[in-house]
Amino acid sequence: MSSPTVARTLVRVAIGSTLFAHGSQKLFGLFGGHGLDGTAQFFQSVGIKPGRPAAIAAGIGEAGGGAALVLGLATPVGAAAAAGTMVVAGSQHTANGFFNSDGGFELPGVLGVVAASFLIGGPGPISLDHALGHVFDKPWMRIAAVVVGVPAVAYVIIRQRREQAITSATGEGPGQDD
């Protein structure tokens, strides 16, 4: 086994584990998270509406995408879900600059770029995709993930920014519905 193969696998498992943990916080309240209800309330409070579906989507994108990356299974779908979720998350932090310590987009940016690298380059030979003959990891799946994912992410970001602008313009308080 070559050093680059082992290194690639370690990065994939580390990023996937981190994403899985973050998604599990949102969905199930694991690892000190607030669970679905708490995440939904937070999303509502910052103008991400409706909060519950957004919390479910973020949780699934992170936990599901993370699990797929850890296993190296259905890598195009998992990597696209993780990367897309991180682009949306990062877009919520851009006003705070780059650094995570200031509430910036550093963490979701790095997680998203690394997830995208596995969308582009595949999981590597130490993966379930490889063991299964790449049944769920075909080149056309990578293209489809980008063709579907990029407009979907753009739509979500545009919709969230519109909702946040409406909330700001109407003076609506945190957590209130339209």
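The values are calculated or read from the model by the stated rules, or taken from the named source; none is laboratory data. What you see is a predicted model, and the numbers here were worked out from it, not measured in a lab. Glycine gets a Cβ as well: all are built from the backbone with ideal geometry, and neighbour counts include every protein chain shown.
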### Task
Report whether or not GLY133 is small (Gly, Ala, Ser), at positive phi, touching a Lys or Arg at 6+ places or on another chain (Cβ under 7 Å) and assigned to a loop (DSSP other than H, G, I, E, B).
no
### Message
List the residue pairs whose Cβ atoms are under 7 Å apart, where the first residue sits in segment 98-112 and is closer than 11 Å to ILE15 by Cα, the second is at pLDDT 95 or above and of a type in the set (Ser, Thr, Tyr), and the two are 6 or more positions apart or on different chains.
### Response
LEU111/THR18
### Task
Only residues that are surrounded by fewer than 17 Cβ atoms within 10 Å (Cβ to Cβ) and not aliphatic (A, V, I, L, M): list them for segment 118-133, please.
GLY121, PRO125, HIS130, GLY133
### Query
Here are some residues: GLY66, GLY38, GLY59. Which one is assigned to a helix (DSSP H, G or I) and buried (at least 24 other Cβ atoms within 10 Å of the Cβ)?
GLY66
